[in-house]
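The values are calculated or read from the model by the stated rules, or taken from the named source; none is laboratory data. All values derive from a computational prediction rather than experimental measurement. No Cβ is skipped: glycine too gets one built from the backbone with ideal geometry, and neighbour counts run over all protein chains shown.
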Amino acid sequence: MTDSPPPAAADAAVTEAAAEPRLVQIQAGPMANFVYVLADSATRRAWVVDPAWEPLGIVRIAEEQGYEVTGVLATHFHQDHIGGEIMGQYIPGVRELRAEFDLPMLIHEAEAERGAEIAGCPRDRVESFCDGDVLELGDLRVEVLHTPGHSPGSCCFLAGGHMLTADTLFVQGIGRVDLPHSDVDAMFHSLERLKTLPAEVAIYPGHDYGPESFSTIGRELQWNAYLRPGSLDQWRAMMGIF
């Protein structure tokens with residue numbers, strides 16, 4: 001564990017700065033998912049973000065750091081992020097957490113119903129949000145950026161100078177747009193939105209698919225080929241859509 005920024009390809013990394021969130025980055029599962037503990041340093045309250053594969057271990061890590069886990073924050077409803085059955089494989093996740101802790105799951109309104117079903121979370125314990133909402137975690141304010149494309153309700157979460165970009169923006173890559181419910185054009189518009197953020201914003205992706213485990217908007221503008229198209233026509237040509 002190190003101070004900000006975390007080392008490349010670290011299995012667990014922590015970043016902290018004045019008036020910034022505390023982040024623990026954990027690699028879990030055969031799909032190289034990144035799971036996060038997002039915490040408020042002042043109140044010691046925390047959310048586990050996309051706690052699939054080893055959900056109880058993630059809570060233990062949070063508790064070892066002295067944080068009280070008060071909820072699950074979901075970036076989107078895919079099983080490798082919140083758990084559930086896919087293609088004959090069962091992935092532990094929210095269901096297993098709820099067997100031990102009565103935690104609510106926070107997820108975008110577009111995926112609240114289906115997300116509850118996939119994750120095995122009672123609907124009355126699902127709290128939905130929408131674009132522009134500011135979620136409060138203790139004294140920490142977390143802004144919701146709805147970034148559809150990979151899935152209808154995919155979101156990024158901005159807290160101070162740190163942003164969890166999930167399967168919207170990877171280090172030198174992006175999430176898949178060839179899945180059921182994906183939308184190639186929506187992904188372009190979501191990436192255009194992220195390109196307008198300050199260059200120094202640190203990004204923490206949903207998978208360890210790049211040369212480093214974290215990046216910044218500025219570095220991605222320089223090195224990420226998917227951020228280069230300047231128009232929807234250019235984007236479609238890049239994605240092989242004519």
So, in the range 4-28, of the ones that are at pLDDT below 50 and of a type in the set (Asp, Glu), which residue ends up farthest from ALA166 (Cα to Cα)? GLU16
May I ask you to verify whether VAL59 is in a strand (DSSP E or B), surrounded by 17 or more Cβ atoms within 10 Å (Cβ to Cβ), aliphatic (A, V, I, L, M) and in contact with a Phe, Trp or Tyr (Cβ under 8 Å, 6 or more places away or on another chain)? no
Which of the following residues is small (Gly, Ala, Ser) and within 20 Å of VAL72 (Cα to Cα): GLY175, GLY132? GLY132
Looking at MET31, MET1, MET87, can you tell me which residue is of a type in the set (A, V, I, L, M) and modelled with pLDDT of 95 or more? MET31
Within the range 147-178, the residues that are free of Cβ contacts under 8 Å to residues at least 40 places away in the same chain and surrounded by fewer than 24 Cβ atoms within 10 Å (Cβ to Cβ) are ARG176, ASP178
